[in-house]
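Here the structure comes first, spelled out in C-alpha cells, and everything after it is commentary.
The values are calculated or read from the model by the stated rules, or taken from the named source; none is laboratory data. Predicted, not measured: the structure shown is a model, and the values here were computed from it. Here the Cβ positions follow ideal geometry from the backbone for every residue, glycine too, while neighbour counts run over all protein chains shown.
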Amino acid sequence: MRAFEATIDALLPEWPPLPAGRRSAVNISCSRFVARQIALSPAHIRFGICVLFAAFCIYAFVRLGLRPLGAVAREQRAGVLSVFAFEQVPPLVALERVLRSMTALAFFDHPDVLALISREPSPAGNSLHTKAP
Amino acid sequence: MSSPLVIDGPASLACDVLVVGTGAGGATVAASLANAGIDVLMVEEGPYVPAAKVPRLLSDALPLMWRGGGLMATLGAIPIAIAEGRCVGGGTEINSAIFQRAPDEVIAGWANANHLPEFSPQTLAPFYDRSAAVVNASLTPGPPGPPTEILRRAGEAMGWKTTALERGRRETSSQQHQLSGFATGAKQSMSATLIPDALGRGARLLPRCRINRLTIKGCRVTGAVATGRDAQGRCQRITLSASQVFLCAGTTQTPSILQRSGISKNIGRSFQVHPTIRVVAAFPEQVNAHRHDLPLVAISEFMPALRMGGSVFTLSSFALALAEDWRVRGRFMPDYAHCGIYYVMIRPDGVGRVRTVPGLAEPVLTYALTERDCRRLRDGLSMLARALLAVGATRVIPSLRGHPGWTEAGRVEPDLRYGLPQDRAALMSIHLFGSCPMGRDPDLFPVDPWGRLAGFNNVVVADGSVLPGAPGVNPQATIMALALRATDNYLAGRG
C-alpha cells in the first residue's frame, strides 16, 4: 500500500463498520477522490498540502522505526497521524483536517456506505445526549 | 435554442459583446443584451451541466462544479474556507437559491460611502423586482421541516425576529432530488432561467474556456486570448474579438483577469466575504434534517451586523462538519438523524486582497478579520448556541477545534469569556464580493457607479466584485440587480 492510500485508510471512519471485503474497495475509491480534489485545488494550496504530506511521511517513517506507512497496521498509522496533528502547529492540524474532511466526504457518499446506513435501524442518538467528556 | 459551442481546434470568435462568466451577473447581462437584439458571446471557464445531470452527491459535484474542487481558502491569521461555482451558471448552481435584498440601511451606507448617484433602496427596487421575477423568488409551500421549525422556535424563545426566506424555485413534477434539496428542474439557477433565455434569443455560449488576458488597444479592450477545451479535452488557443466586454467572472476571477491583463489600479484590494461559523446541534427527538429542506427561516434580529441560519444537511455534509475535529466529534456521526447544522454569519469590517501571482492559475486570496469581526462572531456564536439549547438541544458543538460542545446554556458565556479562540476557530464563507467596488472617484475605485472600468470606454464589470461592501445577506439578488442596472445604462448609452 502506498503512503497516501495507507494514510487515507487510517482516516476512514469506523462507523458504519464495513464488511472486510469492501473496506479495501472503499479505501481505493476514497483515496482516488482525495487525490483528485488535491489535484484540482489551487497550486499554492496544493503545494502546501504536498510539502506537509511529505513532512508527515518522513515523520511517520522515523516514528515507526524506519518502516514505511504502508507496512504497519492501521491503528499504528492512525496513531502516528494523531500525534502529528496533535502537535498543535496550525499547518499540521490543517493537513489532517483537509485529508480527514475529504475522506469523510467521500466515505459517506460512497454507495456501499450509504447502502449500509440505509439498512441500519434508526440511530438511537445516545452519544450526543451524554454530558461532555 | 442554440446548444453550447464546441471547438475542434484553435479558434477565432468575433461578437458584438463578449460576456465573460455566466453566473448571476453574466447570465443577467447576456439575457438582457440578447433580448435587445445584440450579438452576444458568453464564455465560461467551467462546464455546462444541464439540470437533469446535476449530481446528487457532493462528492460528484465538487470536482465538476466547484472552483478548486471545493478546496479553496483565504490565507491569514484565521484561514477561511471559501466556495465558488465554476460551471455555467456560476455560484447560482451550487448555492441554495436564497433570494434576499440588501437591507435598506446597507444600500444607503454604500451610496454615502462611495458617493454613488441614483443609488438608493428606492432606485434599486425595480431592479430587485425584475431579478426576483426571473427566478420566481417565493416562499416554499407546504409545512416547514423540523430544521426550519427548530430555528424559528429558537428565535421566538429568545424574543428575536425571524424572517422566512424566499428561494428561486418553481413547481415541478420530478421526484428526483438534487444535492441542493430541490427536485430536478425546480431550482431557478441561471442555467435554468437566463442562460436558456439568452441562447433562445441568439446568444452563443462557449463553456470550458478560460480567459488568459484581455487584449488592449489604447483605452479600449478589443477582445481576449483564451484557452478552451475541445471535445477530446485538449487545450486549444481561442482568440476572441468584441467591441464591448462585460466582465462577470466573479469576485476572485474578474480581478485576476484584469491583473493578468496589466490592469491593477485599485483592483482586488478590498475583497470581502461573510465570515461564518457553524454549530452542530443535537436533539433528543429525530430531526431527520437529511430528509428535509435546509432551514428556510433566518434569525434576522441582529441584521445587518449578523444573521443566523441553517445549512443543507446530507450525511456527507454532516461528516464534513464533524471532520473539523473528528477525534472529538466522529463518535457523533451515527446520531445524524438527531442533528441539524446551523450557522452565524457576520457582516465584517475586515478586508482582503486578490493577488495574481505569475505562474499560478488561481489568484492568492488573503483576508484579515478585525477585532470587531471576531467579537461579532463570538457574540453570534454565543447567542445561537444559547438559543438552540433553549429549544431543547442536548448538545451544541461549535466549530472550535477541541471543543466537546455545550450541554447547558450557562456554560456558553463563561467558555467564550476570552473571546473567539482564533487559533481553534474553523470559519467558512460562500459569499464573496467587493474586489472591484464601484464608486464615484476613479482615483479610489476601479469601476464607476455603473460598473464601467476606469480608464477604459468599453469594459463594464457586473458581478459580485462590484458590490461596494458586504450586503449581510446572500449576494445573488444584489448582483443580479446591479447587473441589470449596469446593462440598462449600457443600452441607454448605446441608443
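Listed here are the residues, each with its yes/no results for (1) out of contact with any Phe, Trp or Tyr (no Cβ under 6 Å at 6 or more places or on another chain); (2) facing another protein chain (nearest Cβ under 8 Å); (3) at pLDDT below 90.
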{"position": "A:ALA73", "(1), (2), (3)": "yes, no, no"}
{"position": "A:SER82", "(1), (2), (3)": "yes, yes, yes"}
{"position": "A:VAL89", "(1), (2), (3)": "yes, no, yes"}
{"position": "A:VAL93", "(1), (2), (3)": "yes, yes, yes"}
{"position": "A:VAL98", "(1), (2), (3)": "yes, yes, no"}
{"position": "A:MET102", "(1), (2), (3)": "yes, yes, no"}
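Are any residues in segment A:104-133 modelled with pLDDT under 65 and surrounded by fewer than 23 Cβ atoms within 10 Å (Cβ to Cβ), and if so, which ones?
Answer for segment A:104-133, where residues must be modelled with pLDDT under 65 and surrounded by fewer than 23 Cβ atoms within 10 Å (Cβ to Cβ): A:PRO121, A:SER122, A:PRO123, A:ALA124, A:GLY125, A:ASN126, A:SER127, A:HIS129, A:THR130, A:LYS131, A:ALA132, A:PRO133.
Does B:MET308 count as in a loop (DSSP other than H, G, I, E, B), away from chain A (no Cβ under 14 Å) and more than 24 Å from A:ALA106 (Cβ to Cβ)?
No, not satisfied.
Here are some conditions: (1) in a strand (DSSP E or B); (2) of a type in the set (S, T, N, Q); (3) under 24 Å from B:PRO103 (Cα atoms). B:SER243 meets all but one. Which one does it not meet?
(3)
Return the residues of segment A:1-51 that are under 15 Å from the mean Cα position of the chain (by Cα), among the aliphatic types (A, V, I, L, M) and part of a helix (DSSP H, G or I); say none if nothing qualifies.
A:ALA3, A:ALA6, A:ILE8, A:ALA10, A:LEU11, A:ALA25, A:VAL26, A:ILE28, A:VAL34, A:ALA35, A:ILE38, A:ILE49
Only one of these conditions is not met by B:VAL106: (1) within 17 Å of the chain's Cα centre (by Cα); (2) farther than 27 Å from B:ALA203 by Cα. Which number is it?
Unmet for B:VAL106, out of (1) within 17 Å of the chain's Cα centre (by Cα); (2) farther than 27 Å from B:ALA203 by Cα: (1).
Mind listing whichever residues of segment B:66-77 are more than 9 Å from every other protein chain (Cβ to nearest Cβ) and crowded, with 24+ Cβ neighbours inside 10 Å?
B:THR74
Looking for whichever is in a helix (DSSP H, G or I) and under 13 Å from A:LEU11 (Cβ atoms) here; the options are A:ALA104, A:ALA54. Which one fits?
A:ALA104
Does B:ARG355 count as within 14 Å of chain A (Cβ to nearest Cβ), buried (at least 21 other Cβ atoms within 10 Å of the Cβ) and among the basic types (Lys, Arg)?
no
Which of (1) without any contact (Cβ under 8 Å) to a residue 40 or more places away in the chain; (2) within 11 Å of chain A (Cβ to nearest Cβ) is the odd one out, the single condition B:ARG372 does not satisfy?
(2)
Has segment B:25-38 got any residue that is modelled with pLDDT of 95 or more, within 14 Å of another protein chain (Cβ to nearest Cβ) and out of contact with any His (no Cβ under 6 Å at 6 or more places or on another chain)?
No, every residue in segment B:25-38 fails to be modelled with pLDDT of 95 or more, within 14 Å of another protein chain (Cβ to nearest Cβ) and out of contact with any His (no Cβ under 6 Å at 6 or more places or on another chain).
Quick one: which residue in B:GLY410, B:GLY405 is crowded, with 22+ Cβ neighbours inside 10 Å, more than 30 Å from B:ARG167 (Cα to Cα) and within 14 Å of chain A (Cβ to nearest Cβ)?
B:GLY405
Does B:LYS217 fit the bill of being surrounded by fewer than 17 Cβ atoms within 10 Å (Cβ to Cβ), modelled with pLDDT of 95 or more and within 26 Å of the chain's Cα centre (by Cα)?
Criteria not met by B:LYS217.
For segment B:326-344, give me the residue count where each residue is out of contact with any strand residue (DSSP E or B) (no Cβ under 8 Å at 6 or more places or on another chain) and either more than 7 Å from chain A (Cβ to nearest Cβ) or buried (at least 23 other Cβ atoms within 10 Å of the Cβ) (or both).
3
What tally of residues in segment B:84-105 results from selecting those that are surrounded by fewer than 22 Cβ atoms within 10 Å (Cβ to Cβ) and under 20 Å from B:ASP373 (Cα atoms)?
Counting residues in segment B:84-105 that are surrounded by fewer than 22 Cβ atoms within 10 Å (Cβ to Cβ) and under 20 Å from B:ASP373 (Cα atoms) gives 2.
Would you confirm whether or not segment B:414-428 contains a residue that is part of a loop (DSSP other than H, G, I, E, B), touching a residue at least 40 places away in the same chain (Cβ under 8 Å) and among the hydrophobic types (A, V, I, L, M, F, W, C)?
yes
Could you tell me whether any residue of segment B:377-395 is surrounded by fewer than 24 Cβ atoms within 10 Å (Cβ to Cβ), within 14 Å of chain A (Cβ to nearest Cβ) and touching a helix residue (DSSP H, G or I) at 6+ places or on another chain (Cβ under 6 Å)?
yes
Quick check on my filter: what residues within segment B:428-459 are closer than 30 Å to B:PRO79 by Cβ and aromatic (Phe, Trp, Tyr)?
Within segment B:428-459, B:PHE433, B:PHE445 meet the criteria.
Pairs only if they're at least six apart or on different chains, beta carbon under 8 angstrom, first in segment B:444-457 and closer than 19 Å to B:GLY218 by Cα, second polar (S, T, N, Q); list them, first residue then second.
Filtered contacts from segment B:444-457: B:PRO446/B:ASN266; B:ALA454/B:ASN266.
Sort out for me the strands (runs of 3 or more DSSP E) sitting completely within segment B:126-222 that have 3 or more residues that are within 30 Å of B:THR356 (Cβ to Cβ).
Ranges flagged: B:204-206, B:209-217.
Determine, yes or no, whether B:SER429 is under 24 Å from B:LEU71 (Cα atoms) and of a type in the set (S, T, N, Q).
yes
For segment B:48-65, what are the residues that are more than 11 Å from chain A (Cβ to nearest Cβ) and touching a residue at least 12 places away in the same chain (Cβ under 8 Å)?
B:TYR48, B:VAL49, B:PRO50, B:ALA51, B:ALA52, B:VAL54, B:MET65
Within segment A:77-86, is even one residue surrounded by fewer than 19 Cβ atoms within 10 Å (Cβ to Cβ), without any contact (Cβ under 8 Å) to a residue 60 or more places away in the chain, touching a Leu at 6+ places or on another chain (Cβ under 9 Å) and among the hydrophobic types (A, V, I, L, M, F, W, C)?
Yes, the conditions are met somewhere in segment A:77-86.
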